[in-house]
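What follows is a set of notes on a single structure, which appears directly below.
The values are calculated or read from the model by the stated rules, or taken from the named source; none is laboratory data. Owing to the predicted nature of the structure, the values given are computational and were not obtained by experimental measurement. As a convention, Cβ positions derive from the backbone with ideal geometry for all residues, glycine included, and neighbour counts pool all protein chains shown. Just the protein is used for accessible areas: all its heavy atoms, side chains included, with ligands, DNA and RNA removed. Shrake-Rupley method; radii C 1.70, N 1.55, O 1.52, S 1.80 Å.
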Amino acid sequence: MPRLAAAPRLTAAQARRLALAAQGFARPRPAEVSTRQITGTLERLQVLQLDSVNVFARSHYLPLFARLGSYDPAALDALLFARRGRYLEFWAHEAAIIRRDDWPLWRWKREALRERYTLKYAWVRENRAMLDWLLEEVAAKGPLTASEVEHDAAERRGPWWGWSDVKVGLEYLFAWGDLVSAGRSGFQRRYALPHQVGLQGLHDIEVPREDAQRELVLRSVRALGVGTVGDIADYHRLKIAPTQDALRALLNAGEVECVEVAEWGRSGRDGVAYVVPGVSIPRRIEATALLSPFDPVVWYRDRALRMFGFHYRIEIYTPAPKRQFGYYTLPVLVDDRLLGRVDLKSDRQAKVLRVQSAWVEPGGSAAELAARVAPELYRAAAWQGLAGVEVAEPHWGDAAAAVRAAV
């Protein structure tokens with residue numbers, strides 16, 4: 001994208017505050033969390049990423065806890081996974097929750113995935129009969145989980161036998177929109193035909209690809225507060241070129257503005273970024289929060305490094321002896337900084353939230369981190385129905401001793 005000579009200039013600290021405000025961290029947490037506040041937060045985030053890891057709490061619960069404090073996860077599930085509710089699942093970032101009304105904005109992606117997978121994967125071309133049978137099975141029996149379909153496939157004794165083949169076929173059909181989500185059973189997605197969840201009207205709406213992507217880019221800028229082309233593209237997992245095209249159109253229409261952010265560029269130059277007109281930058285952010293690895297504040301690791309100086313990788317798939325910080329470390333937001341990280345585990349049998357490790361970022365204070373995070377750990381434990389907090393012995397992490405003393 002071209003650099004505009006008269007672009008306003010933001011400091012890196014202003015950019016951080018603007019980004020955190022856009023994500024909802026400039027507001028005090030409510031005394032009680034209502035459905036309206038839950039839906040308002042979902043509207044602000046645009047997408048809510050799903051993940052199956054449940055060592056502390058499933059990922060989709062954490063962004064709302066970080067912003068709103070304690071709330072009833074069952075209330076969120078009732079909103080997200082209702083068969084004919086206001087939300088659906090789709091590949092809108094990774095596997096993520098979107099508004100049902102936004103389904104037409106993703107028609108272009110469903111069509112692109114159908115074309116791509118059909119051309120790229122022989123499995124798709126060679127298993128058309130199976131894909132047809134899966135559609136017939138769901139049509140005849142209503143919304144089904146993969147395990148329910150696999151059971152029927154085994155009884156039918158067709159040319160496919162493994163759960164993996166059934167799951168692969170269902171996931172292709174889901175990516176193409178031939179099947180959609182009808183809530184979840186446990187954490188298993190229930191697959192349905194669009195009309196079985198009342199989606200047929202929205203399913204048939206055609207939004208031109210350029211129009212849909214321009215709208216998604218605008219929403220990404222709003223959700224990010226301020227972002228580079230790469231940040232904006234990543235939010236809805238768009239490619240760079242169409243994101244640049246959309247930004248040009250939005251700039252020409254006056255719906256976004258170009259700014260320069262100190263320290264975001266290379267070779268001593270400021271970085272080019274985008275905001276919506278009239279955006280307000282708070283003077284300070286006062287917040288403490290435990291962030292999911294898939295929270296929008298940190299899910300794009302390049303942005304987390306550029307904005308907060310925070311190098312972040314989850315280590316789920318790293319062998320235990322080679323882990324640097326822990327299995328599932330959560331970044332700790334303290335005001336407008338990522339001050340440290342903690343590895344948490346909900347020990348439900350012992351009714352204890354276990355702090356497996358705790359680390360402070362270079363240049364930070366372990367004492368400050370401990371003082372700020374300790375109350376949040378107790379809030380998190382109570383939210384999960386646990387009676388207390390314990391820090392593992394022997395200590396692991398340069399802030400573990402301080403956190404243990406604070407709790």
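With respect to G363, is the statement that it is in a loop (DSSP other than H, G, I, E, B), surrounded by fewer than 20 Cβ atoms within 10 Å (Cβ to Cβ) and under 25 Å from the mean Cα position of the chain (by Cα) true? It is false that G363 is in a loop (DSSP other than H, G, I, E, B), surrounded by fewer than 20 Cβ atoms within 10 Å (Cβ to Cβ) and under 25 Å from the mean Cα position of the chain (by Cα).
The set of residues in segment 240-292 being within 30 Å of T329 (Cβ to Cβ) and of a type in the set (G, A, S) consists of A262, G265, G271, A273, A287, A289, S292. Checked against (1) buried (at least 20 other Cβ atoms within 10 Å of the Cβ); (2) closer than 29 Å to D165 by Cβ; (3) in contact (Cβ under 8 Å) with a residue 60 or more places away in the chain, E94 passes all but a single condition, namely (1). From the list R114, R157, the one residue that fits, being modelled with pLDDT under 90 and farther than 29 Å from A57 by Cβ, is R157.
For every residue, the table says whether it meets (1) modelled with pLDDT of 95 or more; (2) among the small types (G, A, S).
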{"site": "E361", "(1), (2)": "yes, no"}
{"site": "V389", "(1), (2)": "yes, no"}
{"site": "P394", "(1), (2)": "no, no"}
{"site": "A399", "(1), (2)": "yes, yes"}
{"site": "V403", "(1), (2)": "yes, no"}
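Can you confirm whether segment 372-395 contains a residue that is open to solvent by less than 10 Å² (accessible area, probe 1.4 Å), in contact (Cβ under 8 Å) with a residue 24 or more places away in the chain, in a helix (DSSP H, G or I) and charged (D, E, K, R)? Yes, some residue in segment 372-395 is open to solvent by less than 10 Å² (accessible area, probe 1.4 Å), in contact (Cβ under 8 Å) with a residue 24 or more places away in the chain, in a helix (DSSP H, G or I) and charged (D, E, K, R).
If the condition is being open to solvent by 10 Å² or more (accessible area, probe 1.4 Å) and within 18 Å of F187 (Cα to Cα), then segment 10-49 contributes only Q49. Selection over segment 295-330 of residues that are loosely packed, with under 15 Cβ neighbours inside 10 Å, out of contact with any Asp or Glu (no Cβ under 8 Å at 6 or more places or on another chain) and not in a helix (DSSP H, G or I) gives a count of 6.
Criterion first (under 30 Å from R266 (Cα atoms) and modelled with pLDDT of 95 or more) does E315 satisfy it? It is false that E315 is under 30 Å from R266 (Cα atoms) and modelled with pLDDT of 95 or more.
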